[in-house]
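Report on one structure; see the data block that follows.
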Amino acid sequence: MNPVITALKEISDPEKAEKNKKFFQCFPGGYGEGDQFLGITVPVLRKITWLHRNIAENDIRDCIRSKYHEVRLTGIFLLVERYKKSGGKNSASPPEKWVNMYLENKGYVNNWDLVDSSAAQILGDYLRKKAASGKKESLDILTQLSRSPSLWDNRIAMIATQEFIRYGEFTATLELADVFLDHPHDLMHKATGWMLREIGNRDKISLDTYLKKTYKKMPRTMLRYAIEKFPEAERKAYLSGGI
């Protein structure tokens, strides 16, 4: 019996589960359609993660593949922790092992909180380090994910670039932003605008340069997210097309 799944089922809250189903749009036609919840808060999931941080690899995989959202998220938290500890002097496992597990199970990373809790922490970190060592072809995975018909693959690609942004590397984010300018889903508009805003937080000139070329064809939500931290007058100028 998987100890994490057992522990989570014991503290499930049906009332909170119903609220979560609405919040994550699990209704027919929603982006989370068909997902199931146990009704457990993230701080509690973090505590369970810590208590079971040494569980077997197969148990982590089983968690990620669970039908319950909170079990999958806990599995993601556990995977992130294993990845962080890999590759060191006292680790018997290489980072590739955990990255491969992530990619092999990305079909279960199927809501925005699951993506946002893992894409940069695992895939982004791994790819940035590979690129820094001269292996530029490692970034091909971001291109592949961006071309996938899966909304969640697309979001993984964009959010993974947050790790590059942290180190002042903006190229991957801006190239993907071009790809997602005509994306049909609002969640990608928000994710892309968020990453553009992160660039602006570090280098406003780089963001301004990109926006001046693209803002008139950018989805409104994407633009609003990107310029959220701009002075009010400048925000209004962008939104009115007056830049």
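Quick notes on this one:
- Set of lysines with alpha-carbon distance to Lys213 below 20 Å, sequence-local pairs under 8 removed: Lys190, Lys204, Lys229, Lys236
- Karplus-derived 3J(HN,Hα) values for the stretch 159-167, using 6.51 cos²θ - 1.76 cosθ + 1.60 with θ = phi - 60°, are 5, 4, 6, 4, 5, 5, 4, 4, 9 Hz; glycine and proline are entered as x.
- Accessible surface ranking for His69, His183, 1.4 angstrom probe, highest first: His183, His69.
- Global geometry of the stretch 33-124, whether rounded, prolate or oblate, following the gyration tensor of its Cα atoms and the 1.5 cut on a/c: prolate
- Unit charges at the beta carbon, dipole of the chain: most positive-side option, Met222, Gly75, Ser133: Ser133
- Point-charge dipole on Cβ atoms (K/R +1, D/E -1) for the stretch 1-87, about Cα centre, debye to 20: 280 debye
- Only Lys, Arg, Asp and Glu carry charge here, each on its Cβ (+1 for the first two, -1 for the last two); on that basis the chain has a dipole of about 460 debye about its Cα centre.
- Tensor-based shape of the stretch 140-240 (alpha-carbon gyration tensor, a/c under 1.5 rounded, otherwise prolate or oblate): oblate
- Here the chain is described by how far its Cα atoms reach on the three principal axes: 61, 46, 31 Å, from widest to narrowest.
- For Tyr83, the shell of other residues with beta-carbons less than 11 Å away shows a net charge of +1, using +1 for Lys and Arg and -1 for Asp and Glu.
- Carbon/sulfur fraction of accessible area - the chain, other protein chains in place, 1.4 Å, %: 51 percent
- The residues of the stretch 1-131 have, on average, 50 Å² of accessible surface per residue, using a 1.4 Å probe with all protein chains present.
- Cα long-axis angle, helix 69-85 against the chain (0 to 90 degrees, to the nearest 10): 80 degrees
- Cα gyration tensor shape of the stretch 90-152, rounded if a/c is under 1.5, else prolate or oblate by comparing a/b with b/c: oblate
- When +1 charges are put on Lys and Arg Cβ atoms and -1 charges on Asp and Glu Cβ atoms, the dipole computed for the stretch 134-243 relative to its Cα centre reaches about 340 debye.
- Among Pro94, Ile60, Asn110 the positive-end extreme of the charge dipole of the stretch 54-152 (Cβ point charges): Pro94
- Principal-axis analysis of the Cα atoms of the chain puts helix 42-51 at an angle of about 50° to the longest axis.
- Other-chain or far-sequence residues with amide H under 5 Å of Gln36's (modelled H): His69
The values are calculated or read from the model by the stated rules, or taken from the named source; none is laboratory data. Since we're looking at a predicted model, the values are computed, not measured. Every residue, glycine among them, receives a Cβ derived from its backbone with ideal geometry; neighbour counts consider all protein chains shown. We work out accessible area using only protein heavy atoms, side chains counted, and drop any ligands, DNA or RNA first. Shrake-Rupley method; radii C 1.70, N 1.55, O 1.52, S 1.80 Å.
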